[in-house]
Amino acid sequence: MTADPLEGPLRGVRVLDIATMLGAGHCSSLLADFGAEVIHVELPGRGDSLRGMGPFKNDQSLRWAVVGRGKKSVTIDLHTEAGQDLVRRLVGLCDVVIENYRPGTIKKWRLGYDDLRTINPGLVLLSLSGYGQTGPKSHLPGFGRVIEAASGLMNQTGELDGPPLQMGVPLVDYVAGTFGAMAVSMALYDRSANGGEGQWIDLSLYESVIRLLDSLITRQDVLGDTPQRNGNRYINVAPSDVFRTRDAHYVFHSSATQTVFERLMTAIGRSDLLKDDRYATNTARTAPSGDINDIVQGWFSEHNLDEVMAVMDEHDVPCSPVNTMAEVIVDPQLFARDSLIRKAYADIGQVLMPGVVPKFSATPGKVRHAGPAIGEHTREVLAELLELTAPEIDDLYRRGVI
């Protein structure tokens, strides 16, 4: 169904993506990167909501160029019985279905797990929702930024005397999407290696973030100590901060291990602090009264960025300038590893996007194309998979089903 052969460890897997928006979209794009054939169902005329999300060029969403990459776009109205019937027929030919409607919605359409597994017992159904399929909050609408607040993540971001700050990227959606791709892959492995049937994966945005907050959860429970915002400093490691250089650049460093701290002290000419009980251990340095970050900042303030980086490189101290996107997209490290690639998109031309992560030695993934036009593959999929005739497809178009 494509001139560009499917490659990667998931080749031979067919995914029916009836979801919309970013979390589920990121999940299916990861599966497509690694060789799955992803058929993305969109609402006729409107398409995936991501198509209306900026940034834009020539009225085309640049976000869709990336999130829609590698997928086939088919337009089917799931609100119609005829559309639901088409989806059920496709389910019989797929390994995975991904959906992100509010719990109970697909059941009303007779597309719930109990309905679908009677059609295809080996089916893996991934349901991504705000709070999960059960529990007192399961009925609530859930979007990534809302979950960022509900999970406590937002309350950890910002200065102590300032308001909570949201992340600069929709991290919650991307994290949940990554968990989703991992979960689908594990379910497929179980089906193949352990003789299992299909199963229903209940994934929530909320719990995806909670999983990342592991030690903060345990700290609150065991110590009764509510973590506070701490700006760019990290309560568990010192020194750790965004340091300002003499020429007004910013550099991040964190002495994550004792050996790194020792190399840093040598680099800035303060080896004497290694024998000072106030700084000798990380426990001592992270005490509320600790001033090691201020001491390190004093050294940064006396040196320009080039000097700072030369000294840190010489002493093997991990740190980095706080780069802008303009600096990131010309990083030779990313191009050397095909971690930034270009693909043709709509009428815009070649657009830069992240490459495939991670790298496989034997079955590497591949970005076959940028996000497709809405409904670009409708006729192809219905004719080749469901064996519908051209008049039958024309009739579905006339009725607004596709």
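The values are calculated or read from the model by the stated rules, or taken from the named source; none is laboratory data. Keep in mind that what you see is a predicted model, and the values were worked out from it rather than measured. All Cβ positions, even for glycine, are placed from backbone atoms using ideal geometry, and neighbour counts span all protein chains on display.
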Report task. Mind listing just one residue for me: the one in region 93-118 that is polar (S, T, N, Q) and free of Cβ contacts under 8 Å to residues at least 24 places away in the same chain and, of those, surrounded by the fewest Cβ atoms within 10 Å (Cβ to Cβ)? Result -> 118
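Restricting attention to region 348-366, does a residue exist that is closer than 27 Å to residue 83 by Cβ, of a type outside the set (Ser, Thr, Tyr) and in the same structural domain as residue 94 (by TED's automatic domain parsing)?
no
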**Report entry** Scope region 224-255; condition free of Cβ contacts under 8 Å to residues at least 60 places away in the same chain, farther than 20 Å from residue 305 by Cα and not charged (D, E, K, R); matching residues
**Finding:** 224, 226, 234, 235, 236, 237, 238
Report summary line: Going through region 193-207 in order, the residues found to be farther than 15 Å from residue 120 by Cβ and without any contact (Cβ under 8 Å) to a residue 40 or more places away in the chain are 193, 194, 195
Query raised in the report: Can we say residue 17 is among the charged types (D, E, K, R), under 16 Å from residue 381 (Cβ atoms) and either within 18 Å of the chain's Cα centre (by Cα) or outside the structural domain of residue 386 (by TED's automatic domain parsing) (or both)?
Result: yes
Report task. Taking the residues in region 291-316 that are among the β-branched types (Val, Ile, Thr) and under 18 Å from residue 233 (Cα atoms) as candidates, determine which candidate is surrounded by the most Cβ atoms within 10 Å (Cβ to Cβ). Result -> 292
Query - Per-region count, region 256-285, residues within 35 Å of the chain's Cα centre (by Cα), surrounded by fewer than 14 Cβ atoms within 10 Å (Cβ to Cβ) and in contact (Cβ under 8 Å) with a residue 24 or more places away in the chain - result: 1
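Within the group 332, 288, which residue is under 30 Å from residue 355 (Cα atoms) and either out of contact with any Phe, Trp or Tyr (no Cβ under 7 Å at 6 or more places or on another chain) or exposed (fewer than 12 other Cβ atoms within 10 Å of the Cβ) (or both)?
Of the residues listed, the single one that is under 30 Å from residue 355 (Cα atoms) and either out of contact with any Phe, Trp or Tyr (no Cβ under 7 Å at 6 or more places or on another chain) or exposed (fewer than 12 other Cβ atoms within 10 Å of the Cβ) (or both) is 332.
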Report task. Please work out if residue 121 is assigned to a loop (DSSP other than H, G, I, E, B) and without any contact (Cβ under 8 Å) to a residue 40 or more places away in the chain. Result -> no
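The rows are residues; the columns are (1) at pLDDT below 95; (2) touching a helix residue (DSSP H, G or I) at 6+ places or on another chain (Cβ under 9 Å); (3) under 27 Å from residue 30 (Cβ atoms).
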position	(1), (2), (3)
241	no, yes, no
269	no, yes, no
274	no, yes, no
285	no, yes, no
288	yes, no, no
292	no, yes, no
312	no, yes, no
325	no, no, yes
334	no, yes, yes
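Results for (1) touching a Cys at 6+ places or on another chain (Cβ under 6 Å); (2) over 22 Å from residue 67 (Cα atoms); (3) in a loop (DSSP other than H, G, I, E, B), shown as yes or no for each residue.
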| residue | (1), (2), (3) |
| --- | --- |
| 341 | no, no, no |
| 373 | no, no, yes |
| 394 | no, yes, no |
| 400 | no, yes, yes |
Query raised in the report: Going by the structure shown, is residue 30 out of contact with any Lys or Arg (no Cβ under 8 Å at 6 or more places or on another chain) and in a helix (DSSP H, G or I)?
Result: yes
Query raised in the report: Do we find a residue being among the hydrophobic types (A, V, I, L, M, F, W, C), more than 30 Å from residue 340 (Cβ to Cβ) and outside any loop (DSSP other than H, G, I, E, B) anywhere in region 67-83?
Result: yes
**Report entry** Unique match (being in a helix (DSSP H, G or I), within 16 Å of the chain's Cα centre (by Cα) and more than 22 Å from residue 102 (Cα to Cα)) among 215, 185
**Finding:** 185
Query raised in the report: From the list 140, 126, which one is in the same structural domain as residue 106 (by TED's automatic domain parsing), more than 30 Å from residue 241 (Cβ to Cβ), part of a strand (DSSP E or B) and of a type outside the set (Ser, Thr, Tyr)?
Result: 126
Requested in this report: Return a yes/no flag: does region 240-252 have any residue that is within 13 Å of residue 296 (Cα to Cα), in a helix (DSSP H, G or I) and of a type in the set (Phe, Trp, Tyr).
Outcome: no
Query raised in the report: In region 147-157, is there at least one residue being closer than 23 Å to residue 235 by Cβ, without any contact (Cβ under 8 Å) to a residue 24 or more places away in the chain and assigned by TED's automatic domain parsing to the domain that holds residue 356?
Result: yes
